[in-house]
Amino acid sequence: MMDLLKDLWAFMRERKKYWLAPIILVMLLLGMLIVFAQGSAVAPFIYTLF
């Protein structure tokens, strides 16, 4: 996993694609929210957002 992050960071730094960082961060946070909320009572409310 760390190799993937290092390669992604190297790509963004070399190609000057720093605008990808916030997009990737938001996607990771939303993914973690869905994974952690699956077993809780909040899950039906989160799924209505999407």
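The table for this structure:
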item: Mean residue ellipticity (222 nm) of the chain, computed from DSSP H runs ≥ 4 via -39,500 (n - 2.57), nearest 500; result: -23000 deg cm²/dmol
item: Under the Karplus curve 6.51 cos²θ - 1.76 cosθ + 1.60, θ = phi - 60°, whole-Hz ³J(HN,Hα) for the range 44-50, x wherever Gly or Pro sits; result: x, 6, 6, 5, 6, 5, 9
item: Whole-number accessible area per residue in Å² for the chain, which is evaluated in the context of all protein chains at 1.4 Å; result: 90
item: 0 to 90° range, to nearest 10: angle between helix 20-37 axis and the chain longest Cα axis; result: 30
item: Accessible surface of the chain [probe 1.4 Å, protein heavy atoms]: carbon and sulfur percent; result: 74
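The values are calculated or read from the model by the stated rules, or taken from the named source; none is laboratory data. The model shown is predicted, which means the values in this text are computed figures rather than measured ones. When the accessible area is computed, the model is the full protein with side chains, heavy atoms only, and any ligands, DNA or RNA have been set aside. Shrake-Rupley method; radii C 1.70, N 1.55, O 1.52, S 1.80 Å.
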